[in-house]
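One structure is given here, and the rest of the page talks about it.
Only the coordinates and a few stated rules stand behind these numbers; no lab work does. None of the values given here were measured: they were computed from a predicted structure. In this analysis, Cβ positions are derived from the backbone assuming ideal geometry, glycine residues included, and neighbour counts consider all displayed protein chains.
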Amino acid sequence: MDSVYVSCPEFENERFNLRFISINDCDDLLKVYSDKKAVPFFNSDNCNGDNFYYNTHERMEQAIDYWKFEYNRKGFVRWSIVDKRESIVIGTIELFHRDSKDYFNDCGLLRLDLRSDYETKTYIIDILKLIIDEIYQLFKCNIIATKAPSFANERIKVLEELGFLSTENKLIGHDGREYSSYYFKKR
């Protein structure tokens, strides 16, 4: 299999398609990243203070350009989540391999950003089932980790159903800052 950074795979089921982000997704993604109800669910740990609240077309374009830049330098992959029934992009998934001196070493770190009306158990499980089993091979890791704050009830239900466990272990940022509320799943 080619590296995820050479050829970005797509994943699809009856309802959703995960495909590499595109500047053409800007209008739909602006509705996600300007959704004030959705922003608290976004994982902005270790992102230099960015909270991913974008409320202008220009700022959303800059974010997409940056995500493409990171892909090209093999920093992370960001997929757009397409609702095939509605023909709209309703969020993104970011994934990268993380090596560290903390508990989250040799880890595929997953970030799921969804428009607030898609933050339901039914949608989240349909989306995550598309990619969860592929992460270990795609990102050459033995553990998958994702953040789910205590108020993310629907997300937490899905993670537990998919075999993720809550952990008190902290993710240590590049500046030494500690981040909590992580769930993990070992291979």
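Would it be correct to say that LYS68 is part of a loop (DSSP other than H, G, I, E, B), touching a residue at least 40 places away in the same chain (Cβ under 8 Å) and surrounded by fewer than 17 Cβ atoms within 10 Å (Cβ to Cβ)?
Criteria not met by LYS68.
Looking only at residues in region 31-65 that are hydrophobic (A, V, I, L, M, F, W, C) and closer than 18 Å to THR146 by Cβ, the one that is surrounded by the most Cβ atoms within 10 Å (Cβ to Cβ) is VAL32.
Within region 33-47, restricting attention to residues that are polar (S, T, N, Q) and under 13 Å from the mean Cα position of the chain (by Cα), the residue that is nearest to ARG59 (Cα to Cα) is SER44.
Restricting the first member to region 142-169 and to residues that are in contact (Cβ under 8 Å) with a residue 40 or more places away in the chain and over 14 Å from LEU114 (Cβ atoms), and the second to residues that are surrounded by 13 or more Cβ atoms within 10 Å (Cβ to Cβ) and of a type in the set (S, T, N, Q), the beta-carbon pairs closer than 9 Å and six or more apart or on different chains are ALA145/THR167; THR167/SER180; ASN169/SER180. Among residues of region 6-27 that are closer than 16 Å to GLY91 by Cβ, those with a beta-carbon under 7 Å from a residue that is of a type in the set (Lys, Arg) and surrounded by 16 or more Cβ atoms within 10 Å (Cβ to Cβ) at least six positions away or on a different chain give the pairs GLU10/ARG19; ILE21/ARG78.
Answer yes if at least one residue in region 77-100 is in a loop (DSSP other than H, G, I, E, B), of a type in the set (Asp, Glu) and surrounded by 19 or more Cβ atoms within 10 Å (Cβ to Cβ), and no otherwise. Scanning region 77-100, I find no residue that is in a loop (DSSP other than H, G, I, E, B), of a type in the set (Asp, Glu) and surrounded by 19 or more Cβ atoms within 10 Å (Cβ to Cβ), so the answer is no. Scanning region 71-106 for residues that are free of Cβ contacts under 8 Å to residues at least 40 places away in the same chain and either of a type in the set (A, V, I, L, M, F, W, C) or touching a Ser or Thr at 6+ places or on another chain (Cβ under 8 Å) (or both) yields one hit, PHE76. Filtering ASP126, ASP133 for residues that are touching a residue at least 40 places away in the same chain (Cβ under 8 Å) and outside any loop (DSSP other than H, G, I, E, B) leaves a single hit, ASP126.
Among the residues making up region 121-160, those that are exposed (fewer than 15 other Cβ atoms within 10 Å of the Cβ), closer than 22 Å to ARG19 by Cβ and of a type in the set (S, T, N, Q) are THR122, GLN137.
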